[in-house]
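Got a structure for you, questions after.
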Amino acid sequence: MHTIRYRLLAAAAWLVLALPLGAQAADLGAVAAQAATASAASAFDGVVEALRSTVVAAQVPGAVVQLDAKVGDRVAAGQVLLRIDARAADQNAAASDAQVQAARAALDVASKDFERQKQLFQKNYISQAALEQAESQFKSTQAQVHAQVAQAGAARTQTGFYVVRAPFAGVVAEVPVSLGDMAMPGRPLLTLYDPAALRVTAAVPQSVASRLAAGTLPRVELPGLPAAGQWVVPLRVQLLPTVDPGTHTVQLRADLPAGQTGVSPGMFARLWLPVPVSGAGASPAVLSVSSRSIVRRAEMTGLYVLDPDNKPVLRQVRLGRVDGDKTEVLSGLMPGERVVADPQAAAHAR
C-alpha cells in the first residue's frame, strides 16, 4: 500500500517538473514590454529657474540694526529690506558738510582779496608778482572747495549703502543674516527672485538637440503641482550653443508663462520634446507597462521581469508619465522583455 502511494507521489512530481516553463510564466501573467505609441515625445529631467534672481550683498561693514524682510515675503522695487548701523557714517557726512562750509568761507575771502589786488594793480600800487600771488591763492582756495564738495558727496553716498533696498519687485528666497549680525563687504544679506519670469532648464543629449525642429515647443511637466496645473506650454525655447564636453549635452531653456501658481525656483520638472522615437539614429523607444505591475518598496520602484529561465527577477526602473492604466518606463527595461503583471504572484513564485 505504501509502495503504491510513493509511486503516485513520484508520478505527480514528475508531471509538475515536466510542465513547460512557458506555462509557469503564463500563470504569472507575463506581458512583453512594448514601445509606447501614444506619444512621440521623449522626457528629460530639468529644474525650474528664475530668469531674474539676485543676491544682495553688503557694501559696507556694520551691525544689522533693522531687518524688515523674511523668507517668502513679496517686496516692491525700492522697498527697504535691511538697515546697517550708520552712526559713524552719518558723523563723517556731517563733518564733510562742515568742511565744505569752511572752504567756501575761505573762498569768499580769497575772492574779495583778489578783486582788491586787481584794483591796486590797475593803479600801479602793487607789482605784477603781488597780483599773481593773489590770483594763485584764489585758485588754490577754489580747488579746495571743489575737493571738499566732492568728498562730502562721497560721504553722503556712503551713508546710502547702510540702507538696503529691493532692486526689483519679487519674492525673498533666502535671508542668511539675523538682527545683530555683522555685515561685511561682499557678505550675502538676502536672495531675491522675480516670480513672474521663470523657466525650466534641462540637459538634452546633443544627438537629440540636433533633431529638434525649429519653432516647435515642448511640453513642460511639473509633477509637484496638482494634476490640473502639471502641464504647461512654454512661451519660447532657447537652445544654448555650447556643449558640455563631459556629458555631451546641451542646455535647453523653456520660458514659462507668467502667473504660474505654486511654481518656484528649484522645483523638479520634465521637458517632453517632440523628437522621433524610431528610425535610424533615433533615441531609444519609451516603453509602457501596466500600472498594476509596478512594485514600490520604500524609495525603490521596480518591476518583476522574467529572466531566460522564466524566473521572475525584481529589477529597479525609472518611471515616466502615467497615461490611464499605462505607465512609461524611461530606463531599466528593454523592448520585448516580459514583465509580470501580478507582482504578488511573482514574489511567491521566487
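Apply 1/(1 + (r/R0)^6) to the Cβ-Cβ distance of Asp309 and Gln206, taking R0 = 56 Å, and write down the FRET efficiency to the nearest 0.05. Show your work: numbers first, answer last.
On the way: r = 40 Å, r/R0 = 0.71.
Between Asp309 and Gln206 the formula returns 0.90.
Using 0.36 nm per residue of separation minus the Cα-Cα distance, give me the extension gain between Thr54 and Met182 in nm, one decimal. Numbers along the way, then the final one.
Numbers: separation 128, 0.36 × 128 = 46.08 nm, distance 2.08 nm.
Extending this stretch completely gives an extra 44.0 nm.
Another question, then. Which length gain, in nm to one decimal place, applies between Ser290 and Val71 when the Cα-Cα distance is subtracted from 0.36 nm times their residue separation?
Numbers: separation 219, 0.36 × 219 = 78.84 nm, distance 4.29 nm.
Full extension of this stretch gives 74.6 nm more.
Distance between Cα centroids, the range 159-184 to the range 289-350: provide it in whole Å.
Here the two parts' Cα centres lie 51 Å apart.
Sort out for me the Cα centre separation of the range 43-93 from the range 261-275, rounded to whole Å.
28
Can you tell me how the range 87-160 classifies by the Cα gyration tensor, rounded, prolate or oblate, using a/c under 1.5 as the rounded cut?
Numbers: a/c = 5.61, a/b = 3.94, b/c = 1.43.
Because a/c hits 1.5 or more and a/b exceeds b/c, the range 87-160 counts as prolate.
Counting only residues 5 or more places away or on other chains, whose amide H sits under 5 Å from the amide H of Phe168 once H atoms are built in the peptide plane?
Close amide H contacts, sequence-distant or interchain: Gly78.
Same structure again: Looking at Ala63, Val109, Gln142, which one has the Cα that reaches farthest to the positive end of the dipole of the range 33-152 (charges on Cβ: Lys, Arg +1; Asp, Glu -1)?
Going by the Cα projections, it comes out as Val109.
May I pose another question? Distance in nm between label sites at Ser264 and Thr242, each 7 Å beyond Cα in the beta-carbon direction?
Between Ser264 and Thr242, the simple spin-label model gives 2.9 nm.
FYI, it's all coordinate maths here, none of it is from the lab. Nothing here was measured: the structure is a model prediction, and the numbers come from that model. No Cβ is skipped: glycine too gets one built from the backbone with ideal geometry, and neighbour counts run over all protein chains shown.
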